[in-house]
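For reference, the structure discussed in these notes is given below.
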Amino acid sequence: MLIGQVNANLDTHTILPARNRRGGDSPGRLARLLAADGHEVTVLTGLPNYPDGVINPPYRGKIGYRETIDGVDVRRVWVFASPSKRARSRLINQFSFMIMTALRGTRLRRPDAILVESHPLFVTLAAGWLRRLKRAHVVLNVSDLWPESAVATGMLRAESLLVKVAARIERWAYNDAAHIIGMSQGIVDGIVAVFPEPLRVSLIKNGVDLNLFKPADPVARAGAREKLGLGTEAFVVAHIGNQSLTYDFDLILFAAAACPDITFLFAGGGSQAAYIESQVTTHRLSNVRLLGTLPHDSMPLVWAAADVSLLAFHDHTVAGTTIPAKIYESFATGTPLVAAIRGEGAALIEKAGAGVIVRVGDKQAFVHALHEMAASPQRLSEMGRAGRAYGEATLSPDAVKAEYLAILESVAKP
């Protein structure tokens, strides 16, 4: 069973209870891979509403919804959904998911193991209830240190009651799980800092679909640009993915104003989407294109159109411990990065030889790096090939699946 919040194509957060014929399960792509191998995987998740906060047909008005996607049994529950990006609305969404998950999960048959995706943190309470009711061990998959990340990005105050309560739930959830998986070394270190039992904590980094995300040939690139209304000769740099408080969009928009000869592409949504749009309008940035939120299977089209992938963190602790999915997709598609990042993510890009690292917050260095990339097609090509080679060597989804499966099978043993 896998428990977590997912979108319609199972590529966002997930939480599932999974009963296996030969193993276990995990979120998104992992659930589909396990099902394809013959494991019986059930995903317990919310009605799709991310990132717009709107539940659309056929899910609208439903208390529950069951469907099968790529062999995965998906059980959806009602959640409070709102377009508001305020912390209060997001918390109500998470609490409603926690309650409805606990209720719906009681009617599912006993799984061999329960894999829980955290964030959101509060769903771990529902998982604890189901663990006791179903007598099945929990594996906790931590993709975000919460509430630490919310405090670091300024979303919540460290002294607030919510943060104090969340910190206690976090520690309880770690203790209640049979095993904990962190998605970066920084996350693992953060877990061990508050839960000093390293033998129950493992590092499993993300993989990437190397068949879906791959370098585009000239014909595919020209076709992608035509569909997106971009010039075939334009130098295109793209920020692809979540537009949250974690990222420094002021730095990227400064670069857009300073580089009128470069086309800046934004694909994605999130709490900062309206701010980005307002800044583009206010500063009349005619070289910026806002694509909004696109289906996951449309993202290779955006990658095909891009010459460079952009990444810029604010100067907080998250900048040194997070490895965004866009880094892996950049490697897979052979798209070099210009990244204002430090710590683990910077080390990964440098190890792969797949991009240029600038100091977090350094606007002038960011602009300089973009100009250098635009003037160096050979260097771009070399970095693109290096990123793809690194992805093929280290980011196979099958390898990630095998690591998860080994842990799920170990906790499922009587």
- Exactly one condition in (1) under 24 Å from LYS205 (Cα atoms); (2) touching a Lys or Arg at 6+ places or on another chain (Cβ under 9 Å); (3) not charged (D, E, K, R) is not met by ALA365; state its number. (1)
- Filtered residues of the stretch 145-160 (kept if surrounded by 21 or more Cβ atoms within 10 Å (Cβ to Cβ) and not in a helix (DSSP H, G or I)): LEU145, TRP146, PRO147
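Could we say that ASP73 is over 30 Å from ALA406 (Cα atoms) and either of a type in the set (D, E, K, R) or touching a residue at least 12 places away in the same chain (Cβ under 8 Å) (or both) here? Steps first, please.
Details: over 30 Å from ALA406 (Cα atoms): no; either of a type in the set (D, E, K, R) or touching a residue at least 12 places away in the same chain (Cβ under 8 Å) (or both): yes.
So ASP73 fails the test.
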- Residues of the stretch 291-326 satisfying the condition of being touching a helix residue (DSSP H, G or I) at 6+ places or on another chain (Cβ under 6 Å) and open to solvent by 40 Å² or more (accessible area, probe 1.4 Å): LEU301, THR317, THR321
- Cross-chain or 6+ apart pairs with Cβ under 7 Å, the stretch 196-207 first and open to solvent by less than 60 Å² (accessible area, probe 1.4 Å), then among the aromatic types (Phe, Trp, Tyr) and at pLDDT 90 or above: ILE204/TYR404; ASN206/TYR328
- Note on HIS179: of the conditions (1) open to solvent by 20 Å² or more (accessible area, probe 1.4 Å); (2) at negative phi; (3) modelled with pLDDT under 95, unmet is (3)
- HIS137 vs (1) more than 27 Å from ILE63 (Cα to Cα); (2) surrounded by fewer than 17 Cβ atoms within 10 Å (Cβ to Cβ); (3) at pLDDT 90 or above: all pass except (2)
- What pairs come up if the first residue lies in the stretch 383-394 and is among the hydrophobic types (A, V, I, L, M, F, W, C) and modelled with pLDDT of 95 or more, the second is crowded, with 21+ Cβ neighbours inside 10 Å and assigned to a helix (DSSP H, G or I), and their beta carbons are under 7 Å apart, counting only those six or more places apart or on different chains? ALA386/ALA352
- Note on the structure: Among residues of the stretch 108-132 being touching a Lys or Arg at 6+ places or on another chain (Cβ under 9 Å) and more than 26 Å from GLU148 (Cα to Cα), the residue surrounded by the fewest Cβ atoms within 10 Å (Cβ to Cβ) is ARG109
- Query: Which residues, counting only those in the stretch 87-114, are of a type in the set (A, V, I, L, M), under 22 Å from the mean Cα position of the chain (by Cα) and within 15 Å of LEU133 (Cα to Cα)?
  - Reply: ILE114
- Identify all residues within the stretch 76-93 that are out of contact with any strand residue (DSSP E or B) (no Cβ under 8 Å at 6 or more places or on another chain), open to solvent by 40 Å² or more (accessible area, probe 1.4 Å), hydrophobic (A, V, I, L, M, F, W, C) and in a loop (DSSP other than H, G, I, E, B); write none if there are none. PHE80
- Task: Go through the stretch 94-108 and give me each residue that's touching a Pro at 6+ places or on another chain (Cβ under 9 Å) and either of a type in the set (S, T, N, Q) or not in a helix (DSSP H, G or I) (or both).
- Result: GLN94, LEU108
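The values are calculated or read from the model by the stated rules, or taken from the named source; none is laboratory data. Model, not experiment: these values are computed from the prediction. Neighbour counts run over all protein chains shown; Cβ positions are idealised from the backbone, glycine included. Calculation scope for accessible area: heavy atoms of the full protein, side chains included, ligands and nucleic acids excluded. Shrake-Rupley method; radii C 1.70, N 1.55, O 1.52, S 1.80 Å.
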